[in-house]
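Here is the structure we will look at, set down as C-alpha cells.
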Amino acid sequence: MKILAIETSCDDTGIAILEADSKGHFKVLSNIVASQTEIGKKYGGVFPMMAKREHQKNLVPVLVKSLKKAGLLKRMVVNLSNDKNATTKEILEREPELFKKLIPFFKKYQKPYVDLISVTNGPGLEPCLWVGVNFAKALSYFWDIPVVPVNHIESHILVNTLENSNIKFPAIALVVSGGHTQLILVKGIGKYKILGETRDDAAGECFDKCAKLLGLNYPGGPIIAKLAEKFVGSPTPHKLPRPMINTKDYDFSFSGLKTAVLYAWRKEPASAGSSGVARMAAEVQQAIIDVLIKKTMKAVKDFNAKSLILGGGVSANQELHKQFLQTPGVCNGDINFFAPKPALSTDNSLMTAITGFYHKKETKPWQKIEADGNLRIE
Ligand code: KG4
Ligand code: ZN
C-alpha cells in the first residue's frame with residue numbers, strides 16, 4: 001500500500017510517501033520537508049500564527065515535489081464541479097491562502113495512486129496542526145482516499161521501525177523535542193503509558209533558551225552540540241545543577257537549569273571569549289544528558305525493558321547517543337538501543353507515514369478529524 005503523510009505540528013512542513021507491504025517492510029518513495037529555520041533564526045523562535053501562514057504557502061509546493069519524487073504526479077485536466085469547489089472552500093475556510101493554491105493544483109493533476117492519507121493531529125501548535133489536518137481533509141474529500149489521524153509523539157517513537165520492525169517489548173521510549181520531554185513505557189505498538197514528563201521546559205526548549213542566553217542562534221540544540229563537540233579543556237568551574245536527577249519519579253524539570261546558566265553566565269569574565277561560550281555549551285549539554293540518562297535508565301531497570309528507544313529533535317544529539325551506548329546494560333547488548341538518524345529525529349512526515357501504517361485500520365470520516373494541541377499518547 002502507498003501512504004501519503006502530512007506533518008505540520010510545529011514549523012516544518014512535511015509530506016512523505018511511503019510504500020509498505022503487509023509485513024511492515026517499508027520503501028521510502030519521497031520525504032520532503034520545507035523548513036522555516038531561517039524565519040526562526042530571524043525572530044529567535046517559532047511563532048504559531050507566523051508558522052501557520054508559512055504552512056499555507058508551503059503545503060501545495062511540497063505536495064507537488066513529494067508526488068513528483070515518488071513518480072505519482074500525473075498531469076490531467078480535471079473539471080471541478082461547483083459542489084466540489086464549494087466543499088473544499090468550506091473545509092479550508094480558515095486557510096484561504098491554501099485554498100487558493102489547492103484549486104489550481106486539483107484542476108491540473110489527476111488523483112494519485114495512494115491508498116491512505118495520514119496526518120499529524122497532535123500534540124503540537126494548534127494553529128499549525130489545523131492547517132495540516134484541514135489539508136488532509138480536503139485531499140481525502142476531493143480524491144476519496146481514507147484518512148487516519150496520528151499522534152506526533154508516537155511517530156517520533158515508531159520512526160525507529162523504518163529499518164527494523166523487530167523491536168522487543170517492553171521498551172522504554174524517551175521522546176525529547178522542543179515541545180516535549182516524556183518517558184513512555186511501550187508495551188507494544190499502540191500500547192503506551194506515560195511514566196513521566198517535564199514539569200516546565202522541554203529538553204529541546206532548554207537547549208534553545210540556554211543558547212539564546214549565550215548569544216547563539218536558533219535552534220540552539222545543534223549549535224550547542226557543535227560547540228560542545230569542539231570544546232577541549234578542563235571541566236567547567238560553574239557546576240550547573242542536574243534538576244530532579246535523584247527523585248523517585250520519572251519527571252523532569254529544566255527551567256532551573258536555564259536560570260542557573262543565566263547567573264553563571266553573568267559571572268563569566270568577558271575575557272573568556274569564545275572558549276568561555278564553548279565551555280558553557282559543553283556544560284549545558286552535559287547537565288541535560290546526565291538527567292536524561294539517569295532517569296531513563298531508572299525506568300529501563302524498573303520495568304525490565306528489553307529495548308530503549310529515543311526520538312524527537314534532541315535525539316539527534318550524538319553525544320547523547322554515545323553516552324547512552326556506554327551505560328551498563330546498553331553497552332553489553334542486554335538492552336537493544338534504537339535512535340533515528342538525525343534527519344529522522346527532528347520533525348518529518350516519514351514518521352507520520354509509518355505511524356499511519358500501524359493504524360491503517362483506524363481511519364475516520366474526514367468530517368470527524370480534529371486537531372488537538374494537547375493530544376496524549378495514552
Ligand atoms: O522534534 P523537533 O524537530 O520539534 C518538536 O517537535 O519540538 O525538535 C526540535 C528541538 C529543538 O529544540 C532543537 O534545538 C533540538 O530539537 N535539537 C537538538 C539537536 N538537534 C535538534 N538538541 C540537541 N542536540 C541536537 N543535535
Ligand atoms: Zn516533534
For the chain, size of Cβ-based charge dipole, Lys and Arg +1, Asp and Glu -1, in debye: 580
Net length gained if the chain between K239 and K193 were fully extended (0.36 nm per residue, minus Cα distance): 13.2 nm
Backbone N under 19 Å from the N336 label point (7 Å along Cα→Cβ), restricted to the stretch 25-64: 25-27
The chain: most fluctuating residue of N164, N79, N304 per GNM, C-alpha cutoff 10 Å: N79
GNM top mover of Y141, Y263, Y192 - the chain, alpha-carbon springs below 10 Å: Y263
Theoretical FRET efficiency, 1/(1+(r/R0)^6), r = Cβ-Cβ of Q318 and N85, R0 56 Å, to 0.05: 0.65
Long-range HN-HN contacts of N336 with modeled amide H, under 5 Å: S307, L308
DSSP bridge orientation in the stretch 169-305 - percent antiparallel, rounded to nearest 5: 90
Estimated distance in nm for a label pair at M1 and T37, the labels positioned 7 Å out from Cα along Cα-to-Cβ: 3.4
Cα shape, the stretch 21-128, gyration tensor, a/c 1.5 rule: oblate
Rounded FRET efficiency, nearest 0.05, which uses the C-beta distance separating D115 from D249 and R0 of 41 Å: 0.45
Portion, in percent, of the accessible area of the chain that falls on carbon or sulfur, probe 1.4 Å: 52
Share, in percent, of DSSP beta bridges within the chain that are antiparallel, nearest 5: 60
Beta bridge orientation in the stretch 16-171: antiparallel %, DSSP, nearest 5: 55
Mean-position separation - Cα centroids, the stretch 1-70 and the stretch 240-292, in angstrom: 33
Globularity index of the chain, i.e. its alpha-carbon radius of gyration over 2.2 N^0.38 Å: 1.03
Probe 1.4 Å, accessible area per residue of the chain, Å²: 45
Flagged links, alpha-carbon separation over 25 Å, of K137/K168; K193/K360; K57/K84; K101/K341; K2/K89: K137/K168; K101/K341; K2/K89
DSSP H segments from the chain that extend 24 Å or more along their own axis, Cα-based, with Kyte-Doolittle mean of -0.5 or above: 126-143, 273-302
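The values are calculated or read from the model by the stated rules, or taken from the named source; none is laboratory data. Here the structure is a predicted model, which means the values were calculated and not measured. Positions of Cβ are backbone-derived with ideal geometry, glycine not excepted, and every protein chain shown enters the neighbour counts. Ligands, DNA and RNA are stripped out before the accessible areas are found, and what is left, the full protein with its side chains, is counted by its heavy atoms. Shrake-Rupley method; radii C 1.70, N 1.55, O 1.52, S 1.80 Å.
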